[in-house]
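Here the structure comes first, spelled out in structure tokens, and everything after it is commentary.
The values are calculated or read from the model by the stated rules, or taken from the named source; none is laboratory data. If you're wondering where the values come from, they're calculated on a predicted model, not measured in any experiment. Positions of Cβ are backbone-derived with ideal geometry, glycine not excepted, and every protein chain shown enters the neighbour counts.
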Amino acid sequence: MTLHAPSRREMLLASGTLFAWAHLPRLAYAEGRDPRFLAIILRGALDGLATVAPVGDPDWVALRGDNALTLGSKVPALKLNDFFALNPAMPNLLHMYQANEAIIVHACATPYRERSHFDGQDLLESGLPKVTPSDSGWLNRALSGLAPGGPVDPKGSGKGSRVFAVGPVTPLVARGPAPILSWAPQQIMPASDDTMARLLDLYQHRDAKLASVLDDNSKLTAIEHAGDMANGMANGMANGAAKKPGAAQVRAYFSEAAGNAAKFLAQPDGPRVGALALDGWDTHVNEGIASGRLSQLLGSLDDALGAIKTNMGPAWKDTVVVLATEFGRTAHINGTDGTDHGTATVALLVGGALKGGRVIADWPGLKAANLYENRDLKPTTDLRAVIKGVLKDHLHADDRVLAQSVFPGSDGVKPMAGLLA
Amino acid sequence: MTAQGQEAAALALHRFGFGAVGDSISAIANDPRGALLADLDRPGAGQIAAVLPSSADAARQVADFRAEQQAQQKLAQRAKQEADAKSAAMAGGPAGMSNASAKMSDAASTAPPAPPPKPANQPPPLPQQLLLSEAKARFDAAATADVGFVERLVWFWSNHFCVSADKVVGMAGPFEREAIRSHVLGRFADLLLAVESHPAMLFYLDNVQSMGADSVAGINRDKGLNENLARETFELHTLGVRSGYTQADVTSFANVLTGWSWIDPAEPEHGGEFAFIKRLHQPGDQVVLGKRYPDTGVEQGRAVLADLARYPATAQHIAEQIGSHFVADTPPPSLVGKLAKTFQDSDGNLKEVAKTLVTADESWAPQRQKLKPPAEWIAGVIRLSGTQAIIPIGRIMYAQATLGAPLWRPPAPNGWPDTEAAWIDGIPHRVDIASEFAGRAQGVDPLLLLNSGLGPLASRETRDTVARAETRAQALALLVMSPEFLRR
């Protein structure tokens, strides 16, 4: 890996945004905490730079041009600190950040360095160092590997010994030796706008009749949800004018899935760890960072975070939620106002158990020479360190188990300390 | 094997089966027509191995279940009445009670939010269980069939002679196994008799309530004819609408069919079985379609049905329906002609008709003009994604209902329509179902599935769309929503 330019580090230290997390004293585990842990897998590759923008980086605006979120944008980005600002579609996350209940880890990535969604997702969820077929995920193995008698007891008789999974499909991350408790909404969940768009494109090339049915339906859905648009605007969400059909359904699904996961985890005798997947982040065309598709998706995700906090009730103080995606997107905007598959991105952590209000980043910079393979945000933090840190301090996972069975072959990736309050 | 062989094989598996899977395209590419013909000659073709209760057994189980349910409700009602009486006496009236419960709900609202409904771990009630096991056996047969032609014929005939589980919940599945599967490759006359004398059909089309005005029961109860079964047998099952029969023919045939009934399912021994009940039967000769049928009891009806099976109008009607189901909404008249001719020449031998269907050149038009109807498409998705052991049958049935075609619950005796116009508006819903079901598939390689499922039928655009998908699940959903997979 290329050495980082010292000047860049100084700049960040001066602005106070780089936290020397590795040197913080390890905080004692808060005794008596009844920990809840939820993993949310964002499939499709979330654009980290559009989610948490490095507005203080001198190369930022030049890099993304009109698509660069800034504090002076028409819909201004939400200031996190002197260097980073949040996408305006995420007011709930801002409030959590301000209440020290959210941590953003930037320039973060799994060990995967290719750009296939399928392989990237498998690796993110399996926790393996290489792309190898796996029928279990890191969350399930983490639960199975916890010592009996602890706050979360894999050998206990209660529901706490099970992994909770939302949705008709148990995400790979939750599969494995520990039994799974799953819940799915009865309604068939709506296919993503992205799937609809891809299909419409295919039909337009191959089958005019099917295309016209799908297109008509989109228009009807748009009319049906005209009221939702108005509500979205009133709530201070992203510009509703560009809202696409089906967005309201996605929003409802995100909140229902995440909100119900929280309801289950909040129960005194409920499961203690859970996972769900929220798809649709593959924004190759007309990304809509400030108003449009990504903005709507981030708004839906923000609603989901709000639903988790509300539904956790008193258990929110014992909660950590990790949101991770398989990889990031290209630093530059592509030829179709979108971004292609990239490398580093953000990982989001929320929950009352966090020592939050921080952006953790060993910022690699955005100059061409600083980009990974001249195109992507360079990864400087291993996502596994973040997750291991949470699993260790929050769930009392053992270092050796974390390095050998949860994230096999990760001895060299130390658990990030000091994430928990 | 040739490229044309591969293409014909893929076409055959989609048009006459539930789609290609695994190496099925290559397996039959040398002789696609031969493979379809061989499917007809398989020992046990059309039968399913699952051990399931007979229609009479199922009807008795449902009757017992309902009786027990009724008894429990009655007990609960009595208990409630007693409790109400007691507490009314203690609290000085119902007003005190409602105050107490209001307080309780106030207290509850400050507690942590209630959990959502738990996953349904309890077994469903017995009638639903019966339906689920029948549906499971049916879907498994479709998902695992090598070629699937005979299964498709079963589905075709089952829709042609439909009953509704809304009326005969326990018997809908058994009816298909007993009446349809047993004769799917046999003689149409036998199929027709099995269907019209099946208790499920007799109950569904109200014949169990029909009685001759001059029958013993009709006189005693001042009741008479219900012509539903007679009319639908003409209109839907045999001759076809506007084929020349008159109201007088319908009335006469309905008289003929009086007495075709069943034994009350509450009877422990033979409840739910077919019975010809003489005291319901209209005495005397009947003239149907210009032919006089002497009153020979149950034989009178059998004689009419045997003749109905041989009318040219019936051959024509069935030929049109088969052509429309398998080949095109408006099938080529030459194909219909061939099918009708075989039907007549072979005295309604359905295996010969099926052979004519797959040997006629018209059936191999490369244009894929048919939109797979919902259930067939779902079965194809399950089959290709290998999810028959993963997706619960209840979810499959829910998906089918979402697409407007709940299994064994057609809204009317004419069954589900067989045209693109009827189903194309459901395409957006199919995307949702495709996305969910594809998400459940485990360890699939979408490009591999594209090759095994569509092979040479896949267009370049479809290949690109699948290859560029965001997730494996999306890739699979796009694959099963591609025009090449939707159409056959």
query = Can you name every residue in the range B:56-79 that is among the aliphatic types (A, V, I, L, M) and in contact with a Gly (Cβ under 9 Å, 6 or more places away or on another chain)?
reply = B:ALA56, B:ALA58, B:ALA59, B:VAL62, B:ALA63
ask   = Any idea which of B:GLN400, B:GLN388 is in a loop (DSSP other than H, G, I, E, B) and either in the same structural domain as B:LEU236 (by TED's automatic domain parsing) or in contact with a helix residue (DSSP H, G or I) (Cβ under 7 Å, 6 or more places away or on another chain) (or both)?
value = B:GLN388
query = Residues in the range A:128-150 that are assigned to a loop (DSSP other than H, G, I, E, B) and either within 14 Å of another protein chain (Cβ to nearest Cβ) or in contact with a helix residue (DSSP H, G or I) (Cβ under 7 Å, 6 or more places away or on another chain) (or both): how many?
reply = 9
key: Count of residues meeting criterion [within 15 Å of B:GLY386 (Cα to Cα) and at the interface with another protein chain (Cβ under 7 Å from one of its Cβ atoms)] in the range B:470-488   = 2
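Conditions tested, residue by residue: (1) within 14 Å of chain B (Cβ to nearest Cβ); (2) touching a residue at least 40 places away in the same chain (Cβ under 8 Å).
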| residue | (1), (2) |
| --- | --- |
| A:ALA315 | yes, yes |
| A:THR336 | yes, yes |
| A:ALA368 | no, no |
| A:VAL406 | no, yes |
note = The number of residues in the range A:151-205 that are of a type in the set (Gly, Ala, Ser), touching a Phe, Trp or Tyr at 6+ places or on another chain (Cβ under 9 Å) and more than 11 Å from chain B (Cβ to nearest Cβ) is 2
ask   = What strands (runs of 3 or more DSSP E) completely inside the range A:294-393 contain at least 2 residues that are within 14 Å of the chain's Cα centre (by Cα) and surrounded by 24 or more Cβ atoms within 10 Å (Cβ to Cβ)?
value = A:319-325, A:345-350
ask   = Do we find a residue being touching a Cys at 6+ places or on another chain (Cβ under 7 Å) and surrounded by fewer than 21 Cβ atoms within 10 Å (Cβ to Cβ) anywhere in the range B:364-380?
value = no
task = Six or more apart or on different chains, Cβ under 8 Å: which pairs go from a residue in the range A:207-218 that's outside any helix (DSSP H, G or I) to one that's of a type outside the set (A, V, I, L, M, F, W, C)? Could you list them?
result = A:ASP207/B:PRO483; A:ASP207/B:ARG487
inquiry  = All but one of (1) closer than 21 Å to A:ARG141 by Cβ; (2) out of contact with any helix residue (DSSP H, G or I) (no Cβ under 6 Å at 6 or more places or on another chain); (3) crowded, with 24+ Cβ neighbours inside 10 Å hold for A:PRO408; state the number of the condition that does not hold.
reply    = (3)
ask   = Of all residues in the range B:216-243, which are in a helix (DSSP H, G or I) and closer than 21 Å to B:GLY297 by Cα?
value = B:VAL216, B:ALA217, B:GLY218, B:ILE219, B:ASN220, B:ARG221, B:ASN228, B:LEU229, B:ALA230, B:ARG231, B:THR233, B:PHE234
key: Qualifying positions in the range A:260-283 - in a loop (DSSP other than H, G, I, E, B) and either aromatic (Phe, Trp, Tyr) or buried (at least 22 other Cβ atoms within 10 Å of the Cβ) (or both)   = A:PRO271, A:ARG272, A:GLY280, A:TRP281, A:ASP282, A:THR283
ask   = Of the residues B:PRO428, B:PRO406, B:PRO456, B:PRO417, which is farther than 30 Å from A:ARG175 by Cβ, in a helix (DSSP H, G or I) and away from chain A (no Cβ under 13 Å)?
value = B:PRO456
task = Hey, can you tell me all the residues within the range B:250-294 that are in a loop (DSSP other than H, G, I, E, B) and among the charged types (D, E, K, R)?
result = B:ASP264, B:GLU267, B:GLU269, B:GLU273, B:ASP285
request  = Sort out which residues of the range B:456-477 are in contact (Cβ under 8 Å) with a residue 24 or more places away in the chain and among the hydrophobic types (A, V, I, L, M, F, W, C), and write them in order of number.
outcome  = B:LEU457, B:ALA458, B:ALA473, B:ALA475, B:LEU476, B:ALA477
